[in-house]
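Asks: Mind having a look at this structure? Questions to follow.
The values are calculated or read from the model by the stated rules, or taken from the named source; none is laboratory data. Keep in mind that what you see is a predicted model, and the values were worked out from it rather than measured. Glycine gets a Cβ as well: all are built from the backbone with ideal geometry, and neighbour counts include every protein chain shown.
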Amino acid sequence: MVTTSFLRVPPTPLSSTPAQSVAAEAGDLVRQLAAEGHLSADAAEQRIREIEGRLATTGSYRHSPDELLLGARIAWRNNPQCIGKFYWRGLETRDCRDTGVGDGGGGEGGDGGGDEGALFEALVEHLRLAWNGGKVRLLLSVFAPSAPGRPGPRVWNGQLIRYAGYRQHDGSVVGDPESVGLTEAVQRLGWRGKGTEYDVLPLIIQWPGRDPRFFDLPSDATPEVRITHPEYPWFERLGLRWHAFPTISNQVLELGGLRYPLAPFSAWYTCTEIGARNLSDTNRYDKLPQVADGMGLDTSRDRTLWRDRALLELTQAVLHSFDQAGVSVIDHHFASKQFVRHEERELKSGRTCPADWSAIVPATSGSTTPIWQRRYEPTRERPNFTPHPAP
Ligand code: ARG
């Protein structure tokens, strides 16, 4: 038997590595940018002295636009959870560091708070830009960083677009079971959803030390795709749909010793994320029994492999529907091949390719992709994106 014990080694959370000083991390970032050809060694040393000066007088420093953009790209490249890193150089960033930062935010003695409404407007704008009429962009918006004694803003949502999950009296859930906790939290703040299976949750925005506020997203910022099947007309009647692209909003961008707690990241979907996970996991939408019924499969025994057949048709339907709707989506075979190309390119550049095998191997047909046979180390390197503690 092949041993896969490395799978069980949990990645070391960055927060548990010994605290390196901000100055040292800033120095590492600037030298790395120099090593990758973005500035000369002299310019790097000069910039490091400048940062040290800022740290000595203000306790923090501000990234230059280039440090933000190039650093964010490296953070993506370093992230072990992502199969899409082939495109790391294509990441665009929006500089929202001054958005919504109130008077209290910048100076001494403020509560660190600011304008939640302004943050909301900028997040809506992020979604519109990332959507781009269906040609989904790789887009990161970077909001105010945390500074000593003044943590930056965050949202409670794991993704900017996600569906509510309503726990029923009998224990079942209408909507996305993953969102039950967040749905109940925002209901306690006064939000009332329609109670359908696909109610988009409002954004819950919070400056530390202040009450969270929620905001409903306008429908033009939350595009969705209705799922149909290329050969089964009945499929449409299942009423399945999904939001057009993911926007991860519960990760901190850790860059050069600074932490950006609100840095939503949009990209296109791989079809398996929706077909073979979100709509089919038994602890998510759990739709395989309905698909199998429609296909007339014998669901009385696992041995008929009805799940496997339904899973394939559902994933096919997702790919087909996104294509029909003109929305960017990739299939898992393409994604895996691109990942291996990325890995080879990184090796040629003298770098390793940190990856968590269990996160990048596709949810279906894993053994048919080149990733299956390969081995990876989920090394945690900085800069990086790290998960937020739950609010
Ligand atoms: N798996 C998550 C979801 O289904 C999204 C994770 C990021 N995926 C991506 N293609 N960038 O919503």
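Asks: Run down Ser367, Ser358 and say which single residue is surrounded by fewer than 19 Cβ atoms within 10 Å (Cβ to Cβ), small (Gly, Ala, Ser) and free of Cβ contacts under 8 Å to residues at least 40 places away in the same chain.
Replies: Numbers: Ser358 fails: free of Cβ contacts under 8 Å to residues at least 40 places away in the same chain.
Just a single option satisfies the conditions, and that option is Ser367.
Asks: For the stretch 355-369, which positions are touching a Ser or Thr at 6+ places or on another chain (Cβ under 6 Å) and either among the hydrophobic types (A, V, I, L, M, F, W, C) or under 15 Å from Gln338 (Cα atoms) (or both)?
Replies: Pro362, Ala363, Thr369, listed by residue number.
Asks: Turning to a different aspect of this structure: Quick one: how many residues across the stretch 278-298 are part of a helix (DSSP H, G or I), more than 14 Å from the ligand (Cβ to nearest atom) and touching a residue at least 24 places away in the same chain (Cβ under 8 Å)?
Replies: Residues flagged as part of a helix (DSSP H, G or I), more than 14 Å from the ligand (Cβ to nearest atom) and touching a residue at least 24 places away in the same chain (Cβ under 8 Å) within the stretch 278-298 amount to 5.
Asks: Kindly establish whether Ala310 is within 14 Å of the ligand (Cβ to nearest atom) and either part of a helix (DSSP H, G or I) or at pLDDT below 95 (or both).
Replies: no
Asks: May I pose another question? Can you name the residue in the stretch 258-277 that is assigned to a loop (DSSP other than H, G, I, E, B) and near the ligand (Cβ under 10 Å from one of its atoms) and is also surrounded by the fewest Cβ atoms within 10 Å (Cβ to Cβ) among such residues?
Replies: Per the criteria, the residue is Trp268.
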